[in-house]
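Below is one structure, written out as structure tokens, with a few remarks after it.
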Amino acid sequence: MSFKKEIERRRTFGIIAHPDAGKTTLTEKLLLFGGAIQEAGAVKSNKIKKGATSDFMEIERQRGISVATSVLAFEYEGKKINILDTPGHKDFAEDTFRTLTAVDSVIVVIDVAKGVEEQTEKLVEVCRMRNIPMIVFINKLDREGRDAFDLLDEVEQKLSLRVVPMSFPIGMGYDFKGIYNLWEKNINLFSGSNRKNIEETIEISDLESKEIDTLVGKKAADTLREEIELVEGIYPTFDRDEYLNGTQQPVFFGSALNNFGVRELLDCFVEIAPKPRPKQSEERLVQPDEKEFTGFVFKIHANMDPNHRDRLAFIKIVSGTFERNKPYLHVRNNKKVKFSSPNAFFAEKKEIVDVSYPGDIVGIHDTGNFKIGDTLTEGEIINYKGIPSFSPEHFRYINNADPLKSKQLYKGIDQLMDEGVAQLFTLELNGRKVIGTVGALQYEVIQYRLEHEYGAKCTYENLNVYKACWVEPTDPKNEEYKDFLRVKHRYLAKDKQDQLVFLADSQFTLQMTQQTYPSIKFHFVSEYK
Ligand code: G4P
């Protein structure tokens, strides 16, 4: 197959959802359709079980699973589908944000009873900022849930999306009869008793057809007609360009558990979802079909076995082909590197691969050279943008609890930060180290891993910080900035990239500081330029 065709047929996406909305179930059903797994239950949930916050074995188990499910690839209708797994637990949201830099589109799963939840809002916002094409799947229609129109309104308002229903439920919960597919103009009916299967799919050319009354009953048929009339009156028609630009989002209804509405979703997805997209680097826009290879590291996974310190770096291929044993330039280190055993991922296994194409993910063994965000090329100096750090929510000093192991401690902290487990800030005042995380769980993970993988011990001390704000002076030489540096010295720190950060202890302090120093900009994201 030609290089261009290989690119055309790739669909690399992520599924995002608030925990429990049905991400794992949907992933599994997609893999079943693709023939990549034979039975339900094969995909292990990578979520941390409820109440398991201090169970380290659970954290390790989760890490093990998340290596296995990092990328799930399968073939469907001639397309190569790569699903990039995102951790469901909110304490690992940062990981999900980074994975979103490597997808070409996403599917957002929403629970019909719970509607738009907190985690969905945050993740969708990141996708919206990057204009990532999104398809919404409203799940669990077999349960009593919210009115479809109310939900669509909520999705529009809370997520600031412009929805286009591609299917519509006929009834819900106990009365759920099936789905009218506006995209393919047919009706899928649930089997009456156990609701476990689709009984039949019937092509409907005319909604007025009496056949619908016979199939679902007169009342349900009339309601459906009214609702579809409303849908067609209120919502725009589907426009692929708008979807691809991120200005319109198709919506599907279904039940992942019962395999209902999933094939419709997948069939539409492979048709409309984008092939690998061009990516902006600091230097220029890179097109997937350029001959020379470029790619970037979006995830690093430490080995589970403490005796083997190597790590797996996940690289998204942006352009050209990635070939085994070919020397590539690691741009940040300015060093040529070769990989003798790059891994490609399939549904349940990984294999050494000779050639990979744009859209694909390869896993390469790394002994500590890579950082998240690093770029590989065939020689050109390119730095991919867009793996920002967001202000953490929690901040603690980290102290060395075993003075004989300080070397191990600093090495461990360094490597865990490269992996993106948390963010490190070094105070300007006294050089003390502060760890910032999205969730409290990470502190336990760090402590556990420092001890088990690096033989170092640490303790934490609380630090009252509201937000880490990356500081951007209009003019680093003006008096106002110099004054800021002097007055706020105690609250200033450097991040790992040596960028200046203001650790504001309250929203009020931040407001006051902003008022006092109007020429300085304070950003909650590290990559603000
Ligand atoms: P997540 O990855 O987004 O966190 O969600 P997951 O797929 O694990 O689903 C969360 C729960 O919701 C699971 O139940 C799952 O069976 C259920 N679920 C998913 N899709 C549907 C659906 O279409 N209809 C209904 N009724 N339930 C659905 P659980 O009891 O937490 O787990 P399990 O014991 O069933 O695995």
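The values are calculated or read from the model by the stated rules, or taken from the named source; none is laboratory data. For clarity, every value in this text was computed on a predicted model and none was experimentally measured. Reconstructed Cβ throughout: ideal geometry from the backbone, glycine too, with neighbour counts over all protein chains shown. Side chains included, ligands, DNA and RNA excluded: accessible areas come from the protein's heavy atoms. Shrake-Rupley method; radii C 1.70, N 1.55, O 1.52, S 1.80 Å.
Here are the numbers for this structure:
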| quantity | calculated |
| --- | --- |
| Charge context of Leu161, other residues only, Cβ under 13 angstrom, K/R +1, D/E -1 | -3 |
| Mean Cβ count within 10 Å, highest first, over the residues of peptides 458-466, 371-379 | 371-379, 458-466 |
| Karplus-derived 3J(HN,Hα), 6.51/-1.76/1.60, for each residue of region 328-334, Hz, glycine and proline x | 10, 8, 8, 4, 4, 8, 6 |
| Sorted peptide list for 423-430, 354-361, criterion being average Cβ within 10 angstrom, highest first | 354-361, 423-430 |
| Region 394-523, relative contact order in percent, only Cα pairs under 8 angstrom and at least six apart counted | 29 |
| Ranked by how many other beta carbons lie within 10 Å on average, peptides 505-515, 120-130 from highest | 120-130, 505-515 |
| In Hz, Karplus ³J(HN,Hα) per residue of region 211-228 (6.51, -1.76, 1.60; θ = phi - 60°; x = Gly, Pro) | 4, 5, 4, 5, 6, 10, x, 4, 5, 5, 5, 5, 4, 4, 4, 4, 5, 5 |
| Placed amide H near Arg10: partners under 5 Å, 5+ positions off or other chain | Lys80 |
| Amide H within-cut-off set for Leu182, under 5 Å, with H built and near neighbours excluded | Ser167, Phe168 |
| Modelled FRET efficiency - R0 30 Å, Arg490 with Ala440, Cβ distances, 0.05 increments | 0.75 |
| Degrees separating the helix 56-68 axis from the principal Cα axis of the chain, which is the longest one | 60 |
| Dimensionless Rg ratio for the chain, taking C-alpha atoms and the 2.2 N^0.38 Å reference | 1.04 |
| Label-zone membership for region 275-304, site Glu323, 7 angstrom Cα→C-beta point, backbone N under 11 Å | 293 |
| Placed amide H near Ala504: partners under 5 Å, 5+ positions off or other chain | Tyr466, Lys467, Cys469 |
| Segment Glu290-Leu500, length gained on full extension (0.36 nm per residue, minus Cα span) | 71.9 nm |
| Net charge of neighbours whose Cβ lies under 12 Å from the Cβ of Ile382, counting Lys and Arg as +1 and Asp and Glu as -1 | -3 |
| Region 279-377: Rg to Rh, with Rh as the Kirkwood radius over Cα pairs | 0.95 |
| Contact order normalised by residue count of region 279-377, Cα under 8 Å, 6+ apart, percent | 34 |
| Contact order relative to length of the chain, as percent, for alpha carbon pairs under 8 angstrom and 6 or more apart | 13 |
| Rounded to whole Hz, the Karplus (6.51, -1.76, 1.60) HN-Hα couplings of region 372-377, x for glycine and proline | 4, x, 5, 10, 10, 9 |
| Rounded accessible area per residue of region 279-377, 1.4 Å, Å² | 43 |
| Cβ-placed point charges (K, R +1; D, E -1), dipole of the chain about Cα centre in debye, nearest 20 | 2080 |
| Assigned charges on the beta-carbon of Lys, Arg, Asp, Glu; region 394-523 dipole about Cα centre (debye) | 240 |
| Paired Rg and Dmax values of region 394-523, which use every Cα atom, in angstrom | 16.0, 49 |
